[in-house]
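What follows draws every value from the coordinates through simple rules; no lab data is involved. None of these values were measured; they are calculated from a predicted model. Heads up, the Cβs are rebuilt from the backbone with ideal geometry, glycines too, and the neighbour counts pull from every protein chain shown.
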Amino acid sequence: MRAAVPLNLLPEMIQAMAWQAFAPWRTWTRGNWFYRRLLRGPLADHIVFHPHDSRPWRLEDADALLRRRFRFAGETVEVPEGLSIFDQASPSRAWAEGLHGFVWLGALSLAGGEAARMLATDLISQWLQRNARYSEPAWSAHVLGRRLIMLFCHGKLAIANSDMMWRSKLFVSLREQSRMLERIAAEAPEGLTRLEAAVALSLSGICMDDCPPRLISGLERLEVEIERQILPDGGHADRSPEDLLHAYHLLTLVMDAVVATGLEPPHALRNARDRIAPMLRFFRHGDGALALFQGGREGHARMLASLLARDDVRGQPFGHARHSGYQRLSAGRTVLQLDCGKLPEGALAARAHAGFLAFEMSSGAHRLVVNCGSAGKDQPGWDQALRATAAHSTLTLGDRSAAQILPAGFAQELLGPRMIGGPRQPLTRRSETAQGWTVEASHDAYVSELGVRHERRVTLAPQGQTVTGADRLVPVTTRKKALDFALRFHIHPDVRLSRLEGGGVLLKLPNGEGWRFRAGGGDVQIEESAYLGGETVRRTEQLVVMGQVRDAPVETAWVLEQIVV
């Protein structure tokens, strides 16, 4: 069903139109000779500190770059010998932001060697020749911030043993870029990209010694973004576990730089990292990677382990992350996480998913029940399907998603693919009995359109060998026609499904462990599904319990129990 554009988005649409309309004026003003004079000042001649970048760069990406293949945001541009990539047409804005954000420098730094050094030096030279003045997206706040971080972390590859004249041109540009960022950091898109810009500004005040006051303004800007984005329970405001990992990594870059230069870390920075670490442990499965909620993928388990190993507080995950809107149940070798929240606010919903009351479950190092994951920038064609409710291990009603993406058109062009609708007042309650920990939750996302409330109850037995659940549909208005519902359990692609004699389905893990699924109140079907928790699309299966609801409450009970196979 096509979503209508809410009237409350009108002020943001007007603001976005004004921002686009003033782009030519903004570019001319910031790129003219008089404005550039304001960017002059003392000049650094070296980078004082190179922060350690924990992100998992790949040698295959470096190999592609050395073969003149530039892949960003799922699109590739091949450059003929003798031509510059910066003179080629950009297939998309996201691709251009990757190119101008110097994300290629991380892979080349990992590869090392003379060929990688020469390519990095050549690409930086090409950029300096063509982008000395302000332009968009090359000098947009978030792209500028990303480029500075890459240069501070990986620029040593090109700077070491470089020609003095070349190095001088680079540091003149770094001075102008840093001073420009100090003026426009707040213009970065709301969310993680704005935090990244604040981090880049802080690092520019530490990694270069040309302007000590810039460190103060950078840390002040960072404190503002920490207050806006890091919730009291340690979660991120957009509710994505993977974005929380990236936020933790960014804050760690600043913490390392502050400590290395003998400064006292700001309280807001230290406190934010201390809050985030337990929340990252909250979202970890037994395989060490993250659960797939709200547009996040698994992340990189080794990167996560490396960052958490440096957490001095060693805070442990709690059961209910009230501000983030999640519940966590853990017993024995079983971990279960449940999304009990609502959509993030405003622009933070641009990557949100309609997975209300969805859960994931793992046993030891193996995942059983999952959500389908996120398209990310590598698989844009999957985005709309993966954000719908049907791509999550929860209930869909009337074959409709519980929240919708802004329809293609003028509003989406201005505000992006923002998700709208969803629950207004989700409820959740946690209790402990002799049967184990129980979470009861409900959402009203279907009430306004279909007149039905969804309630879910999940119990994890004390030894972690049984998970029992019940999904209840409660009509709050009178209906004349029955509505179909589908209760979905997406299964990880490493798990094999087979029918059992006498009913039920066997879920067999790679280590030979077996779990049996049974459900009442509807037939259990095995259907195809897809998993995009990593970097590729993997085929998998899902268990689906079908039924109908009309004018009386309907409950479907189900159980997952470990068995000997």
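What you get for region 48-191, charging only the Cβ of Lys and Arg (+1) and of Asp and Glu (-1), is a dipole of about 300 debye around the Cα centre.
Summed over all non-identical Cα pairs, the Kirkwood treatment of region 300-444 gives a radius of 17.1 Å. For region 366-563, the residue among 382, 420, 392 whose Cα projects farthest onto the positive side of the dipole built from Cβ charges is 420. Distance between the C-alpha centres of region 162-216 and region 473-544: 50 Å, rounded to the whole angstrom. Once the Cα atoms are used to define both axes, helix 141-154 deviates from the longest principal axis of the chain by about 80 degrees. Our coupling estimate for region 228-234, obtained by passing each phi through the Karplus curve with A = 6.51, B = -1.76, C = 1.60 and θ = phi - 60°, is 6, 10, 9, 6, x, 8, x Hz, Gly and Pro reported as x.
Shown here is the pair-distance distribution of region 410-503: with all Cα-Cα distances grouped in 10 Å bins from zero up to the longest one, the shares run 12, 28, 31, 24, 5, 1 percent. Counting charges near residue 399 (Lys, Arg +1; Asp, Glu -1) among other residues having Cβ under 14 Å from its Cβ returns a value of 0.
Relative to the longest principal axis of the Cα atoms of the chain, the long axis of helix 267-283 makes an angle of roughly 40 degrees. Relative to the longest principal axis of the Cα atoms of the chain, helix 241-260 runs at roughly 40 degrees. Spherically averaged projected area of the convex hull of Cα atoms, region 383-423: 3.2 nm². What number comes out for the charge environment of residue 21, summing +1 per Lys or Arg and -1 per Asp or Glu over other residues with Cβ under 14 Å away? Computed value for this residue: -1. For region 366-563, a crude dipole built from +1 on the beta carbon of Lys and Arg and -1 on the beta carbon of Asp and Glu, taken about the Cα centre, is about 280 debye to the nearest 20. Judged by the mean number of other Cβ atoms found within 10 Å, the most tightly packed of the peptides 29-36, 436-443, 353-360 leads the ranking 353-360, 436-443, 29-36. Extending 7 Å from the Cα toward the beta-carbon at both residue 17 and residue 81 defines two label points whose distance is 5.3 nm. Based on Cα contacts under 8 Å between residues 6+ apart, region 366-563 shows a relative contact order of 21 percent. Remark: relative contact order (the chain) = 10 percent; criterion is Cα-Cα distance under 8 angstrom and separation of 6 or more residues. Between the residues 306, 465, 259, the greatest Cα displacement towards the positive end of the dipole of the chain, with unit charges on the Cβ of Lys, Arg, Asp and Glu, is found for 259. Per-residue ellipticity at 222 nm, computed for the chain from helices alone with -39500 (n - 2.57) per DSSP H run of at least four residues, works out to -11000 deg cm²/dmol. Note on the chain: dipole from Cβ charges, positive end direction compared against 107, 140, 289; the farthest Cα belongs to 140. Panel order for 61, 243, 287, 484, by other beta carbons found within 10 Å of each beta carbon, from fewest to most: 484, 287, 61, 243.
The Cβ shell under 13 Å around residue 417 holds other residues with a net charge of +2, Lys and Arg each +1, Asp and Glu each -1. Could you work out how far the C-alpha centroid of region 264-279 sits from that of region 405-460, in angstrom? Here the two parts' Cα centres lie 30 Å apart.
Using bins of 5 Å that start at zero, the share of Cα-Cα pairs per bin across region 48-191 amounts to 2, 9, 20, 24, 23, 16, 6, 1, in whole %. Over region 307-448, Cα pairs under 8 Å with separation of 6+ residues give a relative contact order of 20 percent.
Taking 26 Å as the straight-line reach from the Cα of residue 342, the lysines in range (excluding those fewer than 8 positions away in the same chain) are 377. Rounded to the nearest 20, the size of the Cβ-charge dipole of the chain about its Cα centre is 460 debye, with Lys and Arg at +1 and Asp and Glu at -1. Length available on full extension from residue 114 to residue 228: 0.36 nm per residue minus the Cα-Cα distance, which gives 36.7 nm.
The alpha-carbon atoms of region 366-563, seen along their principal axes, cover 54, 44, 31 angstrom, with the largest extent given first. Judged by the mean number of other Cβ atoms found within 10 Å, the most tightly packed of the peptides 393-404, 409-420 leads the ranking 393-404, 409-420. Going by neighbour counts of Cβ atoms within 10 Å, the residues 549, 259 line up, fewest first, as 259, 549.
When peptides 111-118, 158-165 are sorted by average Cβ neighbour count within 10 Å, with the highest value leading, the order is 111-118, 158-165. A convex hull fitted to the Cα coordinates of the chain yields 157 cubic angstrom per residue.
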